[in-house]
Amino acid sequence: MNINQFQQNLIEYAATIGIDKIGFTTVSPFHELKNRLIRQQELGYASGFEEPDLDKRTHPELLLEEAQSIISIAIAYPSKMKNAPQSVKGARRGIFARASWGIDYHTVLREKLAQLELYILTHIPDARLRSMVDTGELSDRAVAERSGIGWSAKNCSIITPEFGSYVYLGEMISSIPFAPSEQMEDQCGDCSLCLDVCPTGALIEGGQLNAQRCIAFITQTKTMVPDEFRAKIGNRIYGCDTCQTVCPKNKGKANLHQEAFTPDPELVKPLLLPLLSMSNRTFKETYGHMSGSWRGKNPIQRNAIIALAHFKEEAAVPTLIELMLHDARPVIRGTAAWAIGKINTEEGLIALKKAEKKEQEEQVIEEIRKGLAFYTIQN
């Protein structure tokens, strides 16, 4: 078989099944990436969600016998939402980041990669293939950059000329010697908007992120949110888009063509109060198809409480009092206590004093006292 011709056929087939971009690279080790990852670990900037074995992350040949190439794919997702509901007093809303709009991208990209695998195996039955999306060993961004999908930007995203940085990435290691694509030149230039506006200063410098300070990471943790980040979270209940929305390369990139990622406005910009009383079962039934549900309802509910404090939503106080006094989860009780103090009603003050006498968990007592301190400061 003529591999060059088959590669062109594969590119054309990918377009017919809804893959927006496809590129190819070798299985040569990612030496520069390894040095960066070592540095990230030394500085304590890693999130902890990554594959811990740096050799597996940077040596594709270790992941598949007879590996000769990597296929990288990108699928665009929307940056705009039609008929977005308004957040108003008495009916405050949170927001899921764009990467959680529509169907979980892991599901969609795995299906596309499975279709590519079937196409390849139909024509080359003895081909060896291994696909991965996000949770695999390889760095999706490093593979995409070397495959010519886009350039690695200062905001640590891959930016494509066609779709901006609003693209999901996946890859397939292959035993077929596909010709590598040409890499794209960095086009960020002197622009530093993403670094300048990052709410928590998580973007240390162009291309270097302290994940421990990134709101997208913080909203996925399950512990108490550190004080310094609570005001920064605002009404975000999953993820953060700030470094993308300010990027000039994303201007005018609506990317509305992938129906799987069309957002349901009521789900991606949900009312906050109903989230607080949602059972695990209802949460899974309602949000289980979205990537933002992967950590379960607890972080979402904690973030919703922080959002209600951000809005100083007095209508939420009775519900927050109920959580503070009776919820079994210390993180929820504590966050509710802090939020009650931020909202600062007389009803809340009485409840905080009651909770201070009743609470046994030291972590929660600390949050109750923070809540009480707001009354001293504000009154």
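The values are calculated or read from the model by the stated rules, or taken from the named source; none is laboratory data. Note that the structure is a prediction, hence the values are computed from the model and not measured. Cβ: placed from backbone, ideal geometry, glycine included. Neighbour counts: every protein chain shown.
Taking the criterion of being touching an Asp or Glu at 6+ places or on another chain (Cβ under 9 Å), at negative phi and small (G, A, S), would at least one residue in segment 92-112 satisfy it? Yes, segment 92-112 contains a residue that is touching an Asp or Glu at 6+ places or on another chain (Cβ under 9 Å), at negative phi and small (G, A, S). Within segment 298-312, is even one residue in contact with a Phe, Trp or Tyr (Cβ under 8 Å, 6 or more places away or on another chain), more than 28 Å from A355 (Cα to Cα), assigned by TED's automatic domain parsing to the domain that holds I215 and at pLDDT 95 or above? No, every residue in segment 298-312 fails to be in contact with a Phe, Trp or Tyr (Cβ under 8 Å, 6 or more places away or on another chain), more than 28 Å from A355 (Cα to Cα), assigned by TED's automatic domain parsing to the domain that holds I215 and at pLDDT 95 or above. With respect to the conditions (1) under 28 Å from F30 (Cα atoms); (2) crowded, with 21+ Cβ neighbours inside 10 Å; (3) modelled with pLDDT of 95 or more, E66 falls short on a single one, namely (2). Looking at (1) on the phi < 0 side of the Ramachandran plot; (2) surrounded by 21 or more Cβ atoms within 10 Å (Cβ to Cβ), which one does E137 not meet, given that it meets all the others? It fails just one condition, (2). Among the helices (runs of 4 or more DSSP H) confined to segment 1-60, the ones with at least 1 residues that are farther than 22 Å from N210 by Cα, at pLDDT 95 or above and of a type outside the set (A, V, I, L, M) are located at 3-16. The set of residues in segment 119-134 that are among the charged types (D, E, K, R) and either surrounded by 23 or more Cβ atoms within 10 Å (Cβ to Cβ) or assigned to a loop (DSSP other than H, G, I, E, B) (or both) comprises D126, R128, D134. Of all residues in segment 184-202, those that are crowded, with 16+ Cβ neighbours inside 10 Å and under 29 Å from I70 (Cα atoms) total 2. Which of the residues spanning segment 318-330 are assigned to a helix (DSSP H, G or I) and surrounded by fewer than 21 Cβ atoms within 10 Å (Cβ to Cβ)? The answer is P318, T319, E322, L325, H326, P330.
Residue-wise test of (1) assigned by TED's automatic domain parsing to the domain that holds E61; (2) of a type outside the set (A, V, I, L, M); (3) touching a residue at least 60 places away in the same chain (Cβ under 8 Å).
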| residue | (1), (2), (3) |
| --- | --- |
| A84 | no, no, yes |
| V88 | no, no, no |
| L113 | yes, no, no |
| L121 | yes, no, no |
| P125 | yes, yes, no |
| L129 | yes, no, yes |
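Considering segment 197-290, the qualifying helices (runs of 4 or more DSSP H), each wholly inside and each with 1 or more residues that are touching a residue at least 12 places away in the same chain (Cβ under 8 Å) and under 17 Å from the mean Cα position of the chain (by Cα), run over 215-218, 227-233, 242-245, 265-268, 280-287. Filtering R295, R369, R333, R302 for residues that are assigned to a loop (DSSP other than H, G, I, E, B) and either touching a residue at least 12 places away in the same chain (Cβ under 8 Å) or in contact with a Lys or Arg (Cβ under 7 Å, 6 or more places away or on another chain) (or both) leaves a single hit, R295.
Within segment 159-189, the set of residues being farther than 15 Å from A144 by Cβ and touching a Gly at 6+ places or on another chain (Cβ under 8 Å) comprises just one member, C188.
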